[in-house]
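Asker: Supplied in structure tokens, the structure appears directly below.
The values are calculated or read from the model by the stated rules, or taken from the named source; none is laboratory data. Worth saying up front: this structure is predicted, and the values here are computed from it rather than measured. Using ideal geometry, Cβ is built from the backbone for each residue, glycine included, and neighbour counts are taken over all protein chains shown. Each accessible area value is taken on the protein alone, full model and side chains, heavy atoms only, with ligands, DNA and RNA left out. Shrake-Rupley method; radii C 1.70, N 1.55, O 1.52, S 1.80 Å.
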Amino acid sequence: MKNIQTASKEEIAEIQWLRLKNQMLFLDQNSKFYHKRFKKNDIELSEIHTLEDLRKIPITTKEELQLYNHDFICVPKEDIIDHVTTSGTLGRPVSLALNNADLDRLALNEMQSFQIIGVKKEDVVQITTTLDRRFMAGMAYFLGLRMLGAGVIRTGSGLPQLQWDSIERFQPKYLIAVPSFLLKMIDYAQEHHIDFKKSSVKAAICIGESIRNMDLEFNALSKKIKQLWDIELFSTYASSEMATAFTECELHVGNHAQPDLIFTEILDQAGAPVKSGEVGELVISTLQNTTMPLLRYATGDMVSFIDDPCKCGRNTIRLSPVIGRNRQMIKLKGTSLYPQNVIDTINEFDKISLFVIIAERGNLGIDNLIIKIPDTSTLTLIQLFKEFLKSKLQVTPTLEMALPSDIEKLKYPEDGRKPRVFIDNRY
Ligand SMILES: [Zn+2]
């Protein structure tokens, strides 16, 4: 079969439209939620011919997915195989389910994502993220690598010693990792005199945290990693609801979409499409999904897109890193900030490596931003840090001193799958 990613833009649009129409017909017949939605809004699927027609269908919100969760399920209960939940970055995690066909689709998605990176059958990949804890991504990596025929090491999250031991034993070329965990691995290697620069690892496939700014240059976190360990870093972006990954190719110029598996719209607050380069909210429709397909689902993630053909030969749109979630925007003394701005700024400061950021909302509806830093920080350091924040962010968040072990506990919650440096207590 011809690779849709290198097809012309017109061909891509045609295939996507066909798949989207099929998905809508399927939803009308099998999804209680969408059947009702079409009916209530007088949507005649046979009359949807253009993108403008499509926008007559109201977006689906995370709250709806939470509230009417069962009404989204399109298959008999006995056909469901895997039960997972979203990460719950905002509010309670949402339940999702996959049947056999969805697991095959998930494997295909992840295999294609690895192919965009350039992973080959002969390569060995070490998965340093959890495969359990109701986490879709960890299993997706395994399924994708299996479909590709590559070697897999399932070390799971944490445990730097096990990670290095596995690297020595099995000589992986790639790590799949949360970027800040790479720093932990480097720390461990330095402490234990492991010659990590000479290891078999040539690249890390990064998940869960941004490694680039909106201009696609490395941010402070990835610069720190690159300085210590000069491996190639690939950015990926995915979520359980999308069940699809957006992935950087070897040119590192944005995360390529997989148009056979997902239909993307990037919209302003009025629901109109933004132009290439402008920031809007990512709204997705999953394609070829059967258990819980989503139509015009508002991810809450603010991104921009690039639609020039990529020099790698792919003609798919590419997404910028996520600047933040729309609801995560913090209004601080008249200045609007996204968590990622604050995280990048603290990482840039260099002298504070352990921190968490907490957003709260007071009685008057006013946001407050607290940065917890270790109580071992000196007065001079605190003063310098305050001035640095003020100069970079135009405002100074509240600083709170805490025991390093307490900050670690907040950052790595026991039931968590990824480190949390931003905790939103406003919702
Ligand atoms: Zn490319």
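Asker: What ranking of H35, H256, H193 comes out by heavy-atom accessible area, probe 1.4 Å, highest first?
Answerer: Values: H35 80, H256 0, H193 160 Å².
Ranked list, largest accessible area first: H193, H35, H256.
Asker: Using just the helices of the chain, give the 222 nm mean residue ellipticity in deg cm²/dmol: DSSP H runs with n ≥ 4 each add -39,500 (n - 2.57), and the total is spread over all residues, rounded to 500. Please list the in-between numbers first.
Answerer: Details: 12 runs with 139 residues, N = 427.
That comes out to -10000 deg cm²/dmol.
Asker: Another question, then. Given Cα pairs under 8 Å that are at least 6 residues apart, what percent is the relative contact order of the chain?
Answerer: 14 percent
Asker: For region 332-424, which whole-number percentage of the solvent-accessible area (1.4 Å probe, protein heavy atoms only) is attributable to carbon and sulfur atoms?
Answerer: Numbers: 2540 of 4910 Å².
The C+S portion of the solvent-accessible surface of region 332-424 is 52 percent.
Asker: Another question about this same structure. For the chain, build the charge dipole from Cβ charges (+1 Lys, Arg; -1 Asp, Glu) around the Cα centre, then report which of V253, A107, N363 sits farthest towards its positive end.
Answerer: The residue sitting most towards the positive pole is N363.
Asker: With charges set only on the Cβ (+1 for Lys and Arg, -1 for Asp and Glu), what does the dipole of region 158-265 come to about its Cα centre, in debye to the nearest 20?
Answerer: Working: 10 positive and 15 negative charges, 80 e Å.
It works out to roughly 380 debye.
Asker: Could you tell me which of rounded, prolate or oblate describes region 1-143, using a ≥ b ≥ c as the square roots of the eigenvalues of the alpha-carbon gyration tensor, with rounded for a/c under 1.5 and, failing that, prolate when a/b is larger than b/c and oblate otherwise?
Answerer: Numbers: a/c = 2.17, a/b = 1.25, b/c = 1.74.
The shape class here is oblate.
Asker: Suppose we keep just the DSSP beta bridges with both residues in region 329-424; what percent of those would be antiparallel, to 5? Don't skip to the end; give the middle numbers.
Answerer: Numbers: 9 of 17 bridges.
Within region 329-424, antiparallel bridges account for around 55 percent of the total.
Asker: Rounded to whole Hz and in sequence order, give me ³J(HN,Hα) for region 38-50 from the Karplus expression 6.51 cos²θ - 1.76 cosθ + 1.60, θ = phi - 60°, writing x for Gly and Pro.
Answerer: Coupling constants for region 38-50: 5, 5, 4, 9, 6, 8, 9, 4, 5, 9, 8, 10, 10 Hz.
Asker: Moving on. What whole-number value in Å² describes the accessible area per residue of region 329-424 for a 1.4 Å probe?
Answerer: Details: 5090 Å² over 96 residues.
The answer is 53 Å² per residue.
Asker: Could you list which residues have their amide H under 5 Å from that of C249, counting only those 5 or more apart in sequence or on another chain, with H placed in the peptide plane?
Answerer: For C249, whose amide H was placed from the backbone, the distant partners under 5 Å are H256.
Asker: Something else: What number comes out for accessible area per residue over region 136-209 if the probe is 1.4 Å? Units Å², please. Let's see the in-between values first.
Answerer: Values: 3430 Å² over 74 residues.
Spelled out: the 1.4 Å probe surface of region 136-209, per residue, equals 46 Å².
Asker: Separate question: Using only protein heavy atoms and a 1.4 Å probe, report how much of K392 is accessible, in Å² to the nearest 10.
Answerer: Estimated to the nearest 10 Å², K392 gives 100 Å².
Asker: Let me ask you something else. What are the ³J(HN,Hα) values, in whole Hz, obtained from phi via the Karplus relation 6.51 cos²θ - 1.76 cosθ + 1.60 with θ = phi - 60°, for each residue of region 313-328 in sequence order, with x given for Gly and Pro?
Answerer: So the J values, rounded to whole Hz, are x, 8, 10, 7, 6, 10, 9, 6, x, 6, 7, x, 9, 4, 6, 7.
Asker: Where does each of S239, S222, S95 land when they are ordered by accessible area, with a 1.4 Å probe and the largest first? Don't jump to the answer; show the numbers that get you there.
Answerer: Details: S239 35, S222 0, S95 60 Å².
Descending accessible area places them as S95, S239, S222.
Asker: Here is a further query. Positive end of the charge dipole of region 1-323 (Lys, Arg +1 and Asp, Glu -1 on Cβ, about the Cα centre): tell me which of Q161, M136, I306 has its Cα farthest that way.
Answerer: Projecting each Cα onto the dipole axis, the largest value belongs to Q161.
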